[in-house]
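What follows is calculated from the coordinates using simple rules that are stated; it is not laboratory data. Nothing here was measured: the structure is a model prediction, and the numbers come from that model. Glycine also receives a Cβ, built like all others from the backbone with ideal geometry; neighbour counts cover every protein chain displayed.
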Amino acid sequence: MIDPSKFFELLKNHEIEFFTGVPDSLLKNFCAYVEENCLPDKHIISANEGNAIGLAAGYHLATKKIPLVYMQNSGLGNCVNPLTSLTDEEVYSIPMLLLIGWRGEPNVKDEPQHIKQGRITESLLQLLDIDYLVLNENSDSSHVLNSAVAKMKEKHSPVAILVKSGTFSKYELKNKENNFHKLTREETINRIVDLTDFDDAIISTTGKCSRELYEARKSRRQSQRDFLTVGAMGHASSIALGVSLFTSSKKIICLDGDGASIMHMGAMSIIGSVKPINLIHIVLNNGSHESVGGQPTVGKEINFANLAEAFKYSKYYEINTLQELSSLWTELHSYEGPTLVNVNIDSSSRDSLGRPESTALENKVSFMEYLTDDKHH
């Protein structure tokens, strides 16, 4: 395996010392090392991957140096536009090193949302005319980096390094985000499941949020009737908006994360503009990308009350305890939305947390049947 500290030093030897991106589970050990060994202005966790490409481009324009942008390969979709219309050698010709976690690598078992993306990752980079190298636990990382830097200096455009599973040795954040909140995400989800009834439909965001919701239903022997957004990070609220506009008989509850809501926050402006009266948008705010290693977000720095007003949500609540959630639920549930709820939670989860046993397609079918099933009305 490659020691994150040694890889970091190799990057510094090439004067690559500015880092930005969105954390990924395959890169979490490297990202953790960067987080704890960079000055704040040299490492910025971005809202989304396209944001990171723009930020890195600005860094290069100001310094003439090469930045590093890290991401999961699912994030390539968020940065196709800036990679083709900003950094490409036929446009502004801006070099940067793309460190990409290769989820769904062919012939490697992975979650269903990663399979397609993993299969097309190399083809997508080729289509974008981005040279790439592959890094695994047995790679000569110095040779890989030397080759990548040489290509960047030759073409003056981005070069990617695809990182396979198990490449970096373990490095954990010594000071994981701790917000001193006693409430956990799983406790909150369990209480919401108990407070809701058959006239409520839940759409949950990607990561551990959907996994915990699945287990909450399973532990109660309830039918799996929620839409578990296993991929498409940042888009759960838009899905919920679409459902809410055409399912007037139910309250639509979106369980979102702070990192996910920040990723495509423009969606909230559309929610406030369209004003779906049956939508409750709940942000489970732990101030971290907890599902992929616990790297911090700016979730705790955002004034969600002001945000709700600016985006023209009808009502805003802030919740810190299960008692507050329970006592406010009737009011929250009966109010005409859209309603924004910020729930301050701890950044933690069970090591024994399972994964959905049903397929994404089975989940979609059961959710659609639930929305139209007359016996629930």
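By DSSP, what percent of the beta bridges with both residues in the chain are antiparallel, rounded to the nearest 5?
Just about 5 percent of them are antiparallel.
In nm, to one decimal, how far is the Ser248 label point from the Asp373 one, both placed 7 Å along Cα→Cβ?
In this crude spin-label approximation the distance works out to 2.4 nm.
Convert 10 °C to kelvin, take the viscosity as 1.306 mPa s, use the Kirkwood radius over C-alpha pairs of the chain as Rh, and evaluate the Stokes-Einstein diffusion coefficient in µm²/s, rounded to a whole number.
Using the Kirkwood radius from Cα pairs, D works out to 73 µm²/s.
In a Debye calculation with equal point scatterers on the alpha-carbon sites of the range 109-261 and no solvent, what is log10 I(q)/I(0) at q = 0.10, 0.12, 0.16 Å⁻¹?
Values, matching the q order: -0.58, -0.76, -1.02.
Quote the FRET efficiency, to the nearest 0.05, computed for Ser147 versus Lys174 with a Förster distance R0 of 30 Å and r equal to the Cβ-Cβ distance.
In this case the efficiency is close to 0.35.
For the range 1-74 and the range 339-360, compute the distance between their C-alpha centroids and round to whole Å.
About 27 Å separates the Cα centre of the range 1-74 from the one of the range 339-360.
Do the sum for the chain: with -39,500 (n - 2.57) for every DSSP H run of n ≥ 4, divided by all residues, what is the mean residue ellipticity at 222 nm, to the nearest 500 deg cm²/dmol? Can you show the working numbers first?
On the way: 14 runs with 157 residues, N = 377.
Result for the chain, helices only: -12500 deg cm²/dmol.
Among Asn107, Thr184, Tyr33, which residue has its Cα positioned farthest towards the positive end of the charge dipole of the chain, with +1 placed on the Cβ of Lys and Arg, -1 on the Cβ of Asp and Glu, and the dipole taken about the Cα centre?
The residue sitting farthest along the positive end of the dipole is Asn107.
If you take the alpha carbon radius of gyration of the range 218-377 and divide it by 2.2 N^0.38 Å, what ratio comes out, to two decimals? Please list the in-between numbers first.
Working: Rg = 15.8 Å, N = 160, 2.2 N^0.38 = 15.1 Å.
Against the empirical 2.2 N^0.38 Å value, I get 1.05 for the range 218-377.
Separation between the Tyr92 and Ser219 pseudo-spin-labels, each 7 Å from Cα along Cα→Cβ, expressed in nm?
4.8 nm
Stretched out fully, how many nm does the piece from Lys300 to Leu124 gain, at 0.36 nm a residue minus the Cα gap?
Contour length minus the Cα-Cα distance gives 59.8 nm.
Taking H placed 1.01 Å from N in the peptide plane, check which residues at least 5 places from Tyr70 or on another chain put their amide H under 5 Å from its amide H.
Residues meeting the amide H criterion: Thr20, Gly21, Val22, Leu99.
Can you give the log10 of the normalised intensity I(q)/I(0) at q = 0.19, 0.26, 0.28 Å⁻¹, computed with Debye over equal Cα scatterers of the range 215-260?
Evaluating at q = 0.19, 0.26, 0.28 Å⁻¹ gives log10 I(q)/I(0) of -0.72, -1.03, -1.07.
Can you pull the one-decimal nm distance between simple spin-label points at Asp199 and Leu328, each 7 Å off the Cα toward Cβ?
That separation, rounded to one decimal, is 2.2 nm.
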